[in-house]
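Please read the structure below before turning to the comments.
The values are calculated or read from the model by the stated rules, or taken from the named source; none is laboratory data. Since the structure is predicted, the reported quantities are computational estimates derived from the model, not experimental observations. Quick reminder, even Gly has a Cβ in these numbers, built from the backbone with ideal geometry, and neighbours come from all protein chains shown. For accessibility, only protein heavy atoms count, side chains too; no ligands or nucleic acids. Shrake-Rupley method; radii C 1.70, N 1.55, O 1.52, S 1.80 Å.
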Amino acid sequence: MAHELEVFWFSEQPYGHVTEDDLEGWESGRMHFPNTYFDPEKAHVLYSNYHDQYQLADEVNFDGIMSNEHHSSYWCMKPSVNVDAAVITQRTKKAKIAMLGNVIAVNDPVKMAEEIAMLDCISGGRVISGFVRGTAVETLHAGYPPTENRPRFEEAHDLIVKCWTQPGPFRWEGEYWPHRMVNPWVVPIQKPHPPVWFPGTGSPESVIWAAKHRYPYMNLGSLLDLTKQLKGIYHETAAEEGYEAGPEHFGYLIRCLVADTDEKAQEIGRTFLWTENHRNRGPMEFNDPPGYQSREALRIKMSRPLIGTGTMGRRMTYEDLQDAYNIIVGSPETVTEKLRHIRKDLDPGYILIYGNEGHMAHEDVMRSVELLGTKVIPALKEG
Amino acid sequence: MTTVQSGSRTTVNVNGTAVEMYSGGSGPPLVFFHGAGGSNGWQAWHEDLSAEYTVYVPSQPGFNGTEAPDWVKTIHDVAHFNHMFVEALGLQDIILMGSSMGGWVSAEMAAMDDHNIDALVLVDPAGIKPREGEIAEIFMVSADTRLQQRFHDPSQVENYENYSRELSPEEQLVVHSNAIMASQLCWKPYLHNPSLPHTLSRVGTPTLIVWGNQDAIIPVECGHLFQQAIQGSQLRIIDNCGHSPAVEKRSEFVAAVTGFLNSL
């Protein structure tokens with residue numbers, strides 16, 4: 001049976017009150033930008049709006065809602081994807097809940113396995129459990145050596161899957177989380193376990209890891225040419241592993257906003273560039289401290305010259321990004337056409353709509369969710 | 001005994017690991033362990049010392065041309081490995097010298113077992129946490145910042161352009177690969193071992209501690225802490241000098257080392 005396209009809503013839940021002026025003068029946009037700029041009262045209002053958007057997305061038939069986690073980041077107020085997923089279980093009735101995902105390298109894997117299983121039970125089996133390495137800042141924030149991220153990720157992954165699939169109690173002689181007895185009471189409702197996704201932006205190593213585990217790979221908004229090359233690597237790896245990859249193995253995140261007219265959407269969509277130049281500013285070593293990428297990753301990168309690493313580091317205007325199909329804004333008709341182009345070009349099984357940014361007005365985002373759900377998605381699924 | 005004018009490159013088999021090494025000179029054996037940036041091969045001050053000593057300059061596991069065996073993951077592991085290296089060479093009664101991270105490793109080696117060590121020379125070593133200041137961040141800073149941290153006055157550095165020039169892709173890969181190993185060894189606890197001031201109390205080897213007075217990476221305060229930790233050790237502070245006295249104050253440094261060794 002052919003895989004049918006699924007469309008997910010995603011909001012990074014930015015603290016939209018931050019301005020370019022606030023960020024000027026700090027050495028980096030993450031580790032150095034002080035949390036004295038955070039006002040919990042304002043956050044309370046924002047969280048409430050974001051949760052209303054979740055509920056509406058479910059009501060207008062998005063297939064799912066995706067969430068994520070970042071630390072020390074003004075543009076993502078979610079230090080725990082599991083807490084956000086718990087909210088989604090209560091504000092939605094049928095949408096899948098894709099967590100993309102838990103930063104398992106820097107958390108207790110047994111507790112991760114328990115929490116995700118709990119969410120799966122609460123939601124009646126709606127959970128998709130993404131596992132992420134996190135940006136390097138997530139590892140720095142958690143206080144772990146960057147060289148340990150990859151081996152911790154691997155061990156945490158294996159231990160979580162074992163918690164879900166092997167009856168307890170069992171012994172785990174791991175390097176990082178040795179346990180004499182593991183016996184989590186709560187296990188997932190989905191069997192053998194919830195689907196696992198793995199995201200990436202530009203690293204071939206991530207694609208290869210996902211393909212070897214037969215986990216769907218979600219590309220987080222790289223330019224189309226690079227994304228096609230990465231997808232090619234997935235297909236090659238799948239072939240080496242003895243299976244044929246299809247659309248069900250591949251998803252694509254795209255910044256997208258719909259309004260009643262093209263003109264209005266153009267105006268609102270400009271906020272997608274909110275503080276863009278500050279996000280990963282700082283010494284390169286914050287985003288890539290020595291050892292965060294393995295020697296193997298370096299070798300793979302050298303052996304496979306790619307055209308770039310997403311959009312990071314490139315100076316592209318709002319118009320450039322639209323021409324490159326990296327930001328899509330417009331009326332329902334315009335957006336449907338452009339998403340059709342992406343679908344034709346990449347054939348993703350999942351389109352993840354990055355639908356909110358910065359200080360976009362709540363009403364505008366709600367209208368976008370409504371138009372996407374009632375007009376764009378049905379038209380897109382018709383072909 | 002013949003004198004080798006320039007250090008020659010060889011490899012030494014240490015329990016199956018091929019260790020890259022430069023060596024030259026004649027006289028008593030002097031083994032030097034490099035810092036976190038990796039080996040710079042045979043340098044002018046090695047040549048100076050090789051007039052009186054047989055100087056051995058290996059690349060430690062995970063640095064430059066030496067692969068790290070799977071089990072080498074901590075500074076202690078490197079110290080054990082370096083002992084094996086000395087044994088593989090069959091050296092007796094060595095002068096053990098190390099700079100920065102290599103000074104830390106040398107101190108750990110001496111604390112483990114100093115019966116084969118005749119003299120210990122620690123050059124701006126890492127390993128002890130300062131009480132007042134901090135050890136500077138070396139991993140999450142740009143290459144330019146790292147270079148600025150290293151030298152007090154670049155005009156004192158011979159062939160400074162060798163340190164500041166643009167690297168070839170192959171050289172970049174070596175630099176990056178060295179940084180990965182240094183990160184693995186030194187990230188946490190950051191460039192020190194809380195036990196070291198205590199375990200060093202067992203060291204009976206005559207010890208010289210050399211420090212650049214303006215060291216911007218490891219404060220000179222740590223020199224005093226090392227001196228307190230190692231009984232009978234001498235501290236020699238070189239003024240107008242940063243983290244690498246052997247490079248920045250070559251003649252003063254060589255004189256300090258040979259003067260100390262000749263006094264034993």
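Search the structure for amide H atoms under 5 Å from the amide H of B:SER39, placed 1.01 Å from N in the peptide plane, and list their residues when 5 or more places away or on another chain.
Those qualifying (amide H under 5 Å, at least 5 residues apart or on another chain) are B:ASN64.
Determine which lysines satisfy two conditions relative to B:LYS188: a Cα distance under 26 Å, and not lying fewer than 8 residues away in the same chain.
The qualifying lysines are A:LYS111, B:LYS73, B:LYS129.
Residue-wise, which Karplus ³J(HN,Hα) couplings in Hz belong to the stretch A:53-59, taking 6.51 cos²θ - 1.76 cosθ + 1.60, θ = phi - 60°, and x for glycine or proline?
5, 4, 4, 5, 4, 5, 5
For the stretch A:197-280, what value does the Rg/Rh ratio take when both radii are computed over Cα atoms and Rh is the Kirkwood radius, given to two decimals?
Working: Rg = 16.1 Å, Rh = 14.4 Å.
My calculation of the ratio gives 1.12.
Go through the stretch B:158-202 and flag every residue whose accessible area shrinks by 20 Å² or more with all protein chains in place compared to the isolated chain (probe 1.4 Å).
Residues losing area: B:LEU173, B:HIS176, B:SER177, B:ILE180, B:SER183, B:GLN184, B:TRP187, B:LYS188.
Between B:HIS176 and A:CYS121, what is the label-point separation in nm under the 7 Å Cα-to-beta-carbon projection?
4.6
Using R₀ = 25 Å, calculate the FRET efficiency as 1/(1 + (r/R₀)^6) where r is the Cβ-Cβ separation of B:THR199 and B:ASN15; round to 0.05.
Values: r = 24 Å, r/R0 = 0.98.
According to the calculation, E is roughly 0.55.
Just for chain A, what percent of DSSP beta bridges are antiparallel, to the closest 5? Don't jump to the answer; show the numbers that get you there.
Numbers: 2 of 36 bridges.
If we restrict to bridges inside chain A, about 5 percent are antiparallel.
For a protection proxy built on the mean count of beta-carbon atoms within 10 angstrom, sort A:319-328, B:219-228 highest first, please.
Values: A:319-328: 17.4, B:219-228: 19.1.
Highest mean packing first, the order is B:219-228, A:319-328.
Can you tell me how much longer the chain between B:ASP70 and B:GLU158 gets when fully stretched, taken as 0.36 nm per residue apart minus their C-alpha distance, in nm with one decimal? Working shown, then result.
On the way: separation 88, 0.36 × 88 = 31.68 nm, distance 3.73 nm.
Roughly 27.9 nm would be gained on extension.
Rounded to the nearest 500 deg cm²/dmol, what is the calculated helix-only ellipticity per residue at 222 nm for the protein assembly as shown, with -39500 (n - 2.57) per DSSP H run of length n ≥ 4?
Details: 25 runs with 252 residues, N = 647.
It comes out at -11500 deg cm²/dmol, rounded to the nearest 500.
Using R₀ = 45 Å, calculate the FRET efficiency as 1/(1 + (r/R₀)^6) where r is the Cβ-Cβ separation of A:GLN166 and A:LYS94; round to 0.05.
Details: r = 31 Å, r/R0 = 0.68.
Efficiency for this residue pair is about 0.90.
For every other residue with a beta carbon closer than 11 angstrom to the beta carbon of B:SER100, add +1 if it is Lys or Arg and -1 if Asp or Glu, then tell me the sum.
Values: positive: B:ARG150; negative: B:ASP124, B:ASP215.
Result for the neighbourhood of B:SER100: -1.
Let me make sure I get this right: for the stretch A:20-137, a, b and c are the square roots of the gyration tensor eigenvalues over alpha carbons, sorted descending. Under 1.5 in a/c it's rounded, otherwise prolate if a/b > b/c, else oblate. Which is it?
Taking the square roots of the gyration eigenvalues as a ≥ b ≥ c, the stretch A:20-137 is oblate.
Quick check on the protein assembly as shown: of the DSSP beta bridges with both residues there, what percent are antiparallel, nearest 5%?
Values: 14 of 71 bridges.
The antiparallel proportion sits near 20 percent.
Mind checking which lysines have their Cα closer than 27 Å to the Cα of A:LYS42? Skip sequence neighbours fewer than 8 apart in that chain.
A:LYS78, A:LYS264
Provide Rg and Dmax in Å for chain A, with only Cα atoms included in the calculation.
Cα radius of gyration and Dmax of chain A are 20.1, 62 Å respectively.
Students often check this: by mean Cβ neighbours within 10 Å, which of A:137-146, A:182-191, B:9-18 ranks highest, and how do the rest follow? Can you show the working numbers first?
Values: A:137-146: 19.7, A:182-191: 15.7, B:9-18: 13.6.
Packing proxy ranking, top to bottom: A:137-146, A:182-191, B:9-18.
With charges only on Cβ, +1 for K and R and -1 for D and E, what is the dipole size of the stretch B:208-253 about its Cα centre, in debye, rounded to 20? Could the numbers behind the result be given before it?
Numbers: 3 positive and 5 negative charges, 27 e Å.
The dipole magnitude comes to about 120 debye.
Taking θ as phi - 60°, what are the ³J(HN,Hα) couplings along the stretch A:351-357 by the Karplus curve (6.51, -1.76, 1.60), each to the nearest whole Hz, with x for Gly and Pro?
10, 9, 8, 7, x, 8, 7
What spacing in nm lies between the two simple spin-label points modelled at B:SER26 and B:ASP93, each 7 Å away from Cα in the Cβ direction?
Simple spin-label model gives 1.8 nm for this pair.
Once you treat every alpha carbon in the stretch B:47-156 as an equal point and sum by Debye, what is log10 I(q)/I(0) at q = 0.11, 0.16, 0.19, 0.23 Å⁻¹?
Taking Cα atoms of the stretch B:47-156 as identical point scatterers yields -0.44, -0.90, -1.18, -1.40.
Summed for both chains, how many Å² of accessible area, to the nearest 100, are buried between A and B with a 1.4 Å probe? Spell out each step's value before the answer.
Numbers: alone 16910 and 11920 Å², together 27330 Å².
Result for this pair: about 1500 Å² buried.
Mind checking A:282-295 for the average number of partner chain beta-carbons within 10 Å of each residue's beta-carbon? Provide the component values of the computation, followed by the final result.
Numbers: counts 2, 8, 4, 11, 2, 1, 2, 6, 16, 10, 2, 2, 1, 7.
Mean shielding count: 5.
Under a 5 Å amide H to amide H cut-off, with H placed in plane at 1.01 Å, what residues pair with A:ILE65 once short-range neighbours are removed?
It is A:TRP9, A:LYS96, A:ILE97, A:ALA98, by chain and number.
Given the options A:GLU205, A:GLU370, A:GLU267, which has the most mean-square fluctuation in a GNM of chain A, springs set between C-alpha atoms less than 10 angstrom apart?
Comparing A:GLU205, A:GLU370, A:GLU267 in the GNM, the peak value goes to A:GLU267.
Below 19 Å, Cα to Cα, which lysines can A:LYS381 reach? Residues fewer than 8 away in the same chain don't count.
A:LYS94, A:LYS96, A:LYS338, A:LYS344
Please compute, over every Cα-Cα pair in the protein assembly as shown, the percentage with a separation greater than 33 angstrom. Mind showing how you got there, number by number?
Values: 112064 of 208981 pairs.
Percentage above 33 Å: 54.
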